[in-house]
1. Restricting to segment 176-199, name every residue that is within 16 Å of ligand 2 (Cβ to nearest atom) and in contact with a Leu (Cβ under 9 Å, 6 or more places away or on another chain).
2. Which members of segment 120-137 meet the condition of being free of Cβ contacts under 8 Å to residues at least 60 places away in the same chain and under 19 Å from the mean Cα position of the chain (by Cα)?
3. Filter segment 317-337 down to the residues that are in a helix (DSSP H, G or I) and buried (at least 22 other Cβ atoms within 10 Å of the Cβ) and list them by number.
4. Check whether at least one residue in segment 354-371 is closer than 22 Å to residue 486 by Cβ and within 14 Å of ligand 2 (Cβ to nearest atom), and report yes or no.
5. Looking at residue 216 and the list (1) at pLDDT below 90; (2) assigned to a loop (DSSP other than H, G, I, E, B), which single condition is not satisfied?
6. Show me the helices (runs of 4 or more DSSP H) entirely contained within segment 408-491 in which 2 or more residues are within 27 Å of residue 369 (Cα to Cα) and touching a strand residue (DSSP E or B) at 6+ places or on another chain (Cβ under 6 Å).
7. Does residue 379 satisfy being touching a residue at least 60 places away in the same chain (Cβ under 8 Å), over 19 Å from residue 485 (Cα atoms), surrounded by 21 or more Cβ atoms within 10 Å (Cβ to Cβ) and more than 16 Å from ligand 1 (Cβ to nearest atom)?
8. Just checking, does segment 332-355 include any residue being farther than 16 Å from residue 454 by Cβ and aliphatic (A, V, I, L, M)?
Amino acid sequence: MKLVDLLDVKNQIYHLIQGTIEEVNIEYLSQDSRDIQDNTLFFCVPGTTFDGHQFAKMAEEKGAVCLVASKHVDVKIPVVYVEDVIKTMAFLAMRFYHDPSGSMSLIGVTGTNGKTTTTHIIRHLFEKNKKSCGMIGTNGIWYHQEHIYTPNTTPDSLTLQKSLAKMKEEGVFICTSEVSSHALVMGRVQNVDFNVAVFTNLTHEHLETHHTMAEYGMAKSLLFAQLGSGNNGKIAILNKDDTYAKVIASRCNATIWYYSTKDPSAEFYAKDMVYLASKTEFTLVFQGLEYPVISPLIGEFNVQNALAALAAYYALERHLEKGIEALSSFSGVEGRMQTIENDLGIHAIVDFAHTPDGLEKAMAALKKLNHKRIITMIGHDGGNRDNSIRQDLGRIALEYSDYVVFTSENPREEDPMKIMKEMVNGLEVHHYEFVKDRHKAIDRVVALGQKGDILFFTGKGHEPYQLIGCEKIPFHEAQFVKEALEKKAHE
Ligand SMILES: CC(=O)N[C@H]1[C@@H](OP(=O)(O)OP(=O)(O)OC[C@H]2O[C@@H](n3ccc(=O)[nH]c3=O)[C@H](O)[C@@H]2O)O[C@H](CO)[C@@H](O)[C@@H]1O[C@H](C)C(=O)N[C@@H](C)C(=O)N[C@H](CCC(=O)O)C(=O)O
Ligand SMILES: Nc1ncnc2c1ncn2[C@@H]1O[C@H](COP(=O)(O)OP(=O)(O)OP(=O)(O)O)[C@@H](O)[C@H]1O
């Protein structure tokens, strides 16, 4: 593509374009000097560890033909100077990849908890009904049989636009994407045209980045403001049971549909829930009609996730029954309330709850299931994270469990013992122990388990590693739990 066309110089204003750009052709976009190809346009992105401007020379040496920068760089190739490199990158990525989202149906899902689960359900509803649906999120990028690992829940704008373009090329015209608050404030989804935006909930998390809940809520609401206004057919799907839905609604001009497990005035209302060991049954009330629903997921929050997914499916397909039918065959999400089968009569569950709200909801769901005792294994991330939730996590785990084994999660450079002690700080109860090594903690919980017990392993979910010191050590919670249960069965 000709650089002048990509930049759209006739209609866009740039601070300064240094050098002659008329003859420059762009065949690749990159923000990483370690990834330069022929005719690359390189973006000098200021990051948290490095400032991309320091790699300008290296990018030039490796074959970049033009740079986008926000401060002076000493190179011979043309430089486009802009106010904000990240915003410009999002705009140029959209143009370079021919605005894929403009001709696709995109469903964005944001919220503190439930994004991964909801996007997985949405994808299943479409795929089961023979419509290819791509998916972007914590577990990577998926379309057809393709799976690409990504370091972020919501990728940077270059990866995002490129992935959407690839999906389109492969005949995938529907995609559901998790949209993290980081992505929203860092402009990763700017110039992405969402048709439907879903809000799950907003609770205490990531305040190391967003500082206050108001700022965090503001970040989430950007997705809904981005839907645009009026009768453009775009739909916001909001959880009426979450108080922040009001704030989001006040910043959204698109059509709003609510879902709820409490308020019958919501467009998608679930009632008469029956919580069973491996599924939940409920009645969905929609436009005055009642639909029986079977969801193979546990817990009230998963009824909310299912409602959000059904509403998103309906927003694009206008066929609720097909969505409900497809939901009944959803096989769940790895590491999210995942049951580990065994012959011991023990209900072992691996989950990813790692926020106080997520944990409380997950544990409240367990309480509603038939059980003798609940034995929980939990830890908390170390390092430069929001540590203020440690005590809440410890308190909730102890409150809902008959016994708790505290252990390491991703201690990073922090002492795991210090983290565990902070989790029980000030609590006047003693039905717990500390087992620093997470694998040994799994064995300990399984050894304690008896027929009829629920063993709840939470916090790590699908993550295939532990971060200890500066190392990323492979770790497979579900597999280790399965092995421990099998060993116990043979004892
Ligand atoms: C804090 C943060 O957001 N970091 C993101 C950021 O990395 P960074 O700021 O550390 O980048 P950097 O290493 O300083 O480099 C700056 C620039 O120099 C470039 N560079 C760097 C080195 C080099 O040799 N050459 C070079 O050109 C880099 O490619 C980059 O463009 O840019 C990277 C590339 O886009 C991201 O992968 C990375 O996300 C990291 C993995 C991260 O943990 N982000 C978190 C905060 C995040 O975004 N999380 C949310 C999910 C939250 C949740 O829901 O739980 C998410 O959406 O993932
Ligand atoms: N709607 C919900 N409300 C509260 N908690 C939930 C909800 N859905 C799932 N959870 C709990 O939160 C955990 C994480 O769920 P999920 O991975 O779907 O959320 P997420 O928003 O993608 O989180 P993350 O961005 O941290 O990956 C689950 O293991 C479950 O315990």
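1. Looking only at segment 176-199, we keep the residues that are within 16 Å of ligand 2 (Cβ to nearest atom), and these are 176-186, 188-189, 197-199.
The answer is 176, 177, 179, 181, 183, 184, 185, 188, 189, 197, 198, 199.
2. Answer for segment 120-137, where residues must be free of Cβ contacts under 8 Å to residues at least 60 places away in the same chain and under 19 Å from the mean Cα position of the chain (by Cα): 123, 133, 134, 135, 136, 137.
3. From segment 317-337, those in a helix (DSSP H, G or I) are 317, 320-327; that's our starting set.
Residues satisfying the conditions are 323, 327.
4. Filtering segment 354-371 down to residues closer than 22 Å to residue 486 by Cβ leaves 371.
Those still in the list that are within 14 Å of ligand 2 (Cβ to nearest atom) too: none.
No: zero hits.
5. Among (1) at pLDDT below 90; (2) assigned to a loop (DSSP other than H, G, I, E, B), residue 216 violates only (2).
6. Details: elements: 416-424, 438-448, 477-489.
Correct list: 438-448, 477-489.
7. yes
8. yes
The values are calculated or read from the model by the stated rules, or taken from the named source; none is laboratory data. Bear in mind the structure is a predicted one, so any value in this text is a computation, not a measurement. Cβ: placed from backbone, ideal geometry, glycine included. Neighbour counts: every protein chain shown.
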